[in-house]
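Report on the following structure.
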Amino acid sequence: MSRKFIYIITTVLFITVLAIGLNFYFKIFGNSTIKHGDLYITSTDDFNSLSKKLNPFVKDISNFIWVANKKNFKTPKSGRYVIKENMSNNELVNLLRSGNQTPVKVSFNNQNTLYDFAGRIAEQLEVDSLAILHSFTNQTFLKQNDFNNKTVLQICLPNTYEFYWNVSADNFREKLLKNYKTFWNTNRIQKAKKLNLTKNEVITLASIVQKETAKREERPIVAGLYLNRLQKGWPLQADPTIIYAIKEGKGRDYIVKRVLKTDLEINSPYNTYKYRGLPPSQIAMPDINTIDAVLNAENHNYYYMCADIDRIGYHKFAKSLAQHNRNAAKYQNWLNKQGIRR
């Protein structure tokens, strides 16, 4: 066998081995992903369903499957994973096997009931709304923390939170409870005591204030007005509580643009025309600004309020019933002209 022939064979073998080696290398360490995005793996996903979800992110899913088999990766861990462009299959397998997921930002506000709140959270996390409802109404949890099925909503302080996408309903609840306890620091607790209100009562009053006005600058004034009524032993006569009572009977989707005299006779603990003091729980989800508006309510002599038709969204405040009646008559006339009957 000539040297030339041996050289050719050796060269061919070398090139072949090199090609095979490079092929393996690029399968494992070469750029595989073609775009940036979020990959959500559910608790019920197996390797096959993972591969289908991953397919739009990679050049060749068969290469990923090959590398996964070589690394003995068979069971994905649920969660939200951020896939970056130009990741290798080796990086992908390591990421998905490690369970090193990226948290999601969860936000909520204006959910007036626990049912609405659970639905809002289920839109953002893997956990379903029924699991959240069961967790928040767990009787052992409620008794341990002195809540009931309605007052427990107060631990849901509107904000933006970070959670792992596959967080359990109980762990989700516990993080909100921890945040709620942190919110009620010594300063806020002392302010509530000075007003002779419990935490539940502060948040209940804040929910009424929030429903009364969307204007932040008005909230301390409205809070002060209701506190004046409470201190005098007067009924709050807050229309938002009547609307809440109506919707409890007719359904949350029932639209009420105008409170009628007949509504004031509704037999409900939320009817603040019929019953003195605060209702038993919040009627909405007040934001932190409104809660603090109650704790830092303005000190004044207003006892009455009415929507201001000259400045839509604002209110006219009155110290006397006579002044209030004039404001109210003007408002009622405006409603009639607008054709608002209910």
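Note the per residue figure in Å³ for the convex hull of the C-alpha positions in region 25-132. Kindly include the intermediate steps, with their values, before the conclusion.
Details: hull volume 10.4 nm³, N = 108.
So the per-residue hull volume is 96 Å³.
Using 0.36 nm per residue, how much length does the chain from Thr262 to Glu162 gain when fully extended, once their Cα-Cα distance is taken away?
Taking 0.36 nm per residue and subtracting the Cα distance, the gain is 31.4 nm.
What length, rounded to one decimal in nm, is gained on full extension from Phe183 through to Ala329, with 0.36 nm per residue of separation minus their alpha-carbon distance?
On the way: separation 146, 0.36 × 146 = 52.56 nm, distance 4.17 nm.
Here the segment from Phe183 to Ala329 would lengthen by 48.4 nm.
What FRET efficiency, computed as 1/(1 + (r/R0)^6) with R0 = 30 Å and r the Cβ-Cβ distance, is obtained for Lys71 and Asn149, rounded to the nearest 0.05?
Between Lys71 and Asn149 the formula returns 0.05.
For the pair Ile312 and Glu174, what calculated FRET efficiency results from E = 1/(1 + (r/R0)^6), where r is the Cβ-Cβ distance and R0 = 51 Å, to the nearest 0.05?
It comes out at approximately 0.75.
Per residue of region 101-113, what does 6.51 cos²θ - 1.76 cosθ + 1.60 with θ = phi - 60° give for ³J(HN,Hα)? Whole Hz please, x for Gly and Pro, Karplus curve as stated.
Working through the residues one at a time gives 7, 9, x, 10, 8, 10, 10, 7, 6, 6, 8, 7, 9 Hz.
Amide H of Trp165 versus every other amide H placed in the peptide plane: which residues, excluding those fewer than 5 positions away on the same chain, fall under 5 Å?
Answer set, sorted by chain and number: Arg80, Val104.
Pairs of alpha-carbon atoms within less than 8 angstrom and 6+ residues apart define the contacts here; what relative contact order does the chain have, in percent?
Numbers: 492 pairs, mean separation 48.5, N = 342.
RCO, the chain: 14 percent.
Just to compare against my own numbers: the Cα pair-distance distribution for the chain, 20 Å bins, whole % per bin, please.
24, 38, 22, 11, 4, 1, 0
Determine the distance separating the Cα centre of region 26-61 from the Cα centre of region 246-274; give it in Å without decimals.
53
Among the aspartates and glutamates, which fall within straight-line cross-link reach of Lys52, defined as a Cα-Cα distance under 16 Å, with same-chain neighbours fewer than 8 residues apart omitted?
Lys52 reaches Asp38, Asp60.
Between Asn138 and Ala322, what length in nm is gained on full extension when 0.36 nm per residue of separation is reduced by their alpha carbon distance?
Full-extension gain reported as 61.3 nm.
Grab the eigenvalues of the alpha-carbon gyration tensor for region 85-153, scale each by 5, take roots, and send me the semi-axes largest first in whole angstrom.
Value: 36, 15, 9 Å, ordered largest first.
Scan around Ile34 for amide H atoms under 5 Å from its own, H built in the peptide plane at 1.01 Å from N, and keep only partners 5 or more places away or cross-chain.
Val58, Lys59, Asn86
Could you state the per residue volume, in Å³, of the convex hull enclosing the Cα atoms of region 76-203?
Measuring per residue, one finds 130 Å³ for the Cα hull of region 76-203.
Lysine pairs, Cα distance under 28 Å, 8 or more residues apart or cross-chain: how many in region 181-260?
28
State to the nearest 20 debye the size of the charge dipole of the chain about its Cα centre, where the only charges are +1 on K and R beta carbons and -1 on D and E beta carbons.
Rounded to the nearest 20 debye, it is 320 debye.
Hey, rough spin-label estimate for Glu217 and Arg252, points 7 angstrom out along Cα→Cβ, what's it come to in nanometres?
3.4
In square nanometres, what is one fourth of the surface area of the convex hull spanned by the alpha carbons of region 213-342?
About 8.2 nm², averaged over all directions.
Relative to the first principal axis of the alpha-carbon coordinates of the chain, what is the inclination of helix 3-29, with its axis defined by its Cα atoms, in degrees from 0 to 90 and to the nearest 10?
10
In whole Hz, what ³J(HN,Hα) sequence does region 124-133 give by Karplus (6.51, -1.76, 1.60; θ = phi - 60°), x for Gly and Pro?
Going residue by residue, I get 10, 10, 5, 4, 8, 5, 5, 5, 5, 4 Hz, with x marking Gly and Pro.
Among Tyr314, Tyr254, Tyr180, what's the order by accessible area (1.4 angstrom probe), most exposed first?
Sorted by accessible area, descending: Tyr254, Tyr314, Tyr180.
Using a 10 angstrom cutoff on alpha carbons, build the Gaussian network for the chain and name the most mobile of Val202, Val294, Val106.
In this elastic network of the chain, the residue with the biggest mean-square fluctuation among Val202, Val294, Val106 is Val106.
The values are calculated or read from the model by the stated rules, or taken from the named source; none is laboratory data. Just so you know, these numbers come straight off a predicted model, no measurement behind them. Backbone-built Cβ (ideal geometry, glycine too); neighbour counts: all protein chains shown. The protein model used for the area step is the full one, side chains on, heavy atoms only, and it has no ligands, DNA or RNA in it. Shrake-Rupley method; radii C 1.70, N 1.55, O 1.52, S 1.80 Å.
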